[in-house]
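The values are calculated or read from the model by the stated rules, or taken from the named source; none is laboratory data. Since we're looking at a predicted model, the values are computed, not measured. For neighbour counting, all protein chains shown are included, and Cβ atoms are generated from backbone atoms with ideal geometry for every residue, glycine included. In case anyone asks, the SASA skips ligands and DNA or RNA and just uses the protein heavy atoms, side chains included. Shrake-Rupley method; radii C 1.70, N 1.55, O 1.52, S 1.80 Å.
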Amino acid sequence: MQFQQLQYFVAVAETRHFTRAAELVHVAQPSLSQQIKALERELGADLFLRARGNITLTDAGEALLPLARRILADADTARHEVQELVQLRRGRVRLGATPSLCTGLLPDVLRAFHDRYPGIRLLIEEGGSHDLVRELARGALDLALVVLPLPTPAPALTTVELLREDLVVVSSPEAPEPGRGGRVEISDLEGERLVMFRHGYDLRELTVAACRSAGFEPDFAVEGGEMDAVLGFVRAGLGLAVVPRMVAARAGRGLRVTPLARPGLHRTIALAHRSDVAPPRAARELQRMLLER
């Protein structure tokens with residue numbers, strides 16, 4: 001008894017038609033008929049009553065049908081389970097993240113993931129949330145860490161909130177301490193020279209919007225940098241910057257970190273993927289590790 005013969009038998013049993021069954025399993029009708037006859041010889045019993053225009057199951061066919069369906073289903077399950085395991089031994093995960101998250105959140109999680117699944121290649125793309133949403137939509141990424149709310153509505157994406165992070169002010173220890181009493185009001189940034197991120201950076205939009213809500217336009221000493229460049233310019237004393245607390249904690253020496261006074265500024269980080277396509281098994285495992293971090 002061959003696995004393929006069972007597939008052909010089930011196809012005929014479900015369609016009650018040899019030609020339609022052959023089309024369903026993508027085989028020539030004479031080949032399908034020959035395989036069904038070979039199966040009947042193997043079993044020593046007819047499986048179908050063949051009358052012109054009318055195909056019905058015999059008692060033997062009725063007895064075989066649920067068993068054949070179970071065998072085929074078990075084979076599909078076995079194939080799926082093996083493929084899932086193979087995906088965790090080799091393959092890739094394409095993850096997008098904002099540069100600040102690549103600096104602050106991801107290193108520890110990616111190290112733990114790599115230790116557990118050393119055969120999985122991690123492909124990281126840095127960008128702003130707008131760019132990452134576009135890359136997710138066109139299938140270039142499996143997962144992305146984005147800042148909520150999304151810059152444009154994205155009904156084709158599923159987002160799961162990951163964390164809510166405070167923003168802080170960083171400055172050079174050699175510069176005068178910003179604010180009063182160890183805290184900085186947004187209004188204290190009026191007249192201060194700011195080191196500002198490039199256009200499209202979520203932190204830029206958030207900081208500029210907060211300054212405007214406080215009634216002033218921010219003054220930029222330097223603008224257009226990525227995270228590492230911004231921190232370097234602040235260390236050099238060119239101005240202040242508003243950055244995530246995790247980034248400031250990892251930045252090392254050469255920076256003074258001052259919290260913002262309540263209510264402060266925060267950002268919400270979410271993990272996003274396409275709603276219409278399930279991420280690969282390795283990507284789902286990375287997603288689980290990020291959510292459990």
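One table, with the values for the structure above:
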quantity	calculated
Hz values of 3J(HN,Hα) by residue in the stretch 115-121 - Karplus curve (6.51, -1.76, 1.60), Gly and Pro given as x	4, 7, 10, x, x, 8, 7
Probe 1.4 Å - accessible area at Thr77, Å² to nearest ten	80 Å²
Per residue convex hull volume, Cα atoms of the stretch 98-210, in Å³	152 Å³
The stretch 219-288-the stretch 1-60 distance, computed between alpha-carbon centres (Å)	63 Å
Where labels lie 7 Å past Cα in the beta-carbon direction, separation of Leu291 and Thr19 in nm	5.0 nm
Rounded tilt (10° steps) of 3-15 against the dominant C-alpha axis of the chain	80 degrees
Net lengthening on full extension, Ala63/Arg92 (0.36 nm per residue, minus Cα-Cα)	5.9 nm
Cα-based helix-to-principal-axis angle, 202-213 vs the chain, degrees rounded to 10	50 degrees
With at most 12 other Cβ atoms within 10 Å, longest stretch of the chain clear of loop GluC sites (Glu not before Pro) (DSSP)	1-173
Rounded accessible area per residue of the chain, 1.4 Å, Å²	53 Å²
Global form of the stretch 177-293, assessed from the alpha-carbon gyration tensor, a/c cut-off 1.5	prolate
Expected 222 nm ellipticity per residue - DSSP helices of 4 or more, -39500 (n - 2.57), all of the chain, to 500	-13500 deg cm²/dmol
For the chain, built as a Gaussian network whose Cα springs stay under 10 Å, the top-fluctuating residue of Ala112, Ala214, Ala75	Ala75
Nearest 10 degrees, 0 to 90: helix 29-43 Cα axis against the chain principal axis	70 degrees
The stretch 185-266: trypsin sites (Lys or Arg not before Pro) falling in loop per DSSP and having at most 16 other Cβ within 10 Å	Arg198, Arg253
Amide H contacts of Leu157 (H built 1.01 Å from N, under 5 Å, at least 5 apart or other chain)	Ser275
The chain: Rg to Rh, with Rh as the Kirkwood radius over Cα pairs	1.29
Relative pair counts by distance (%), Cα atoms of the stretch 249-293, 10 Å bins	18, 30, 25, 22, 6
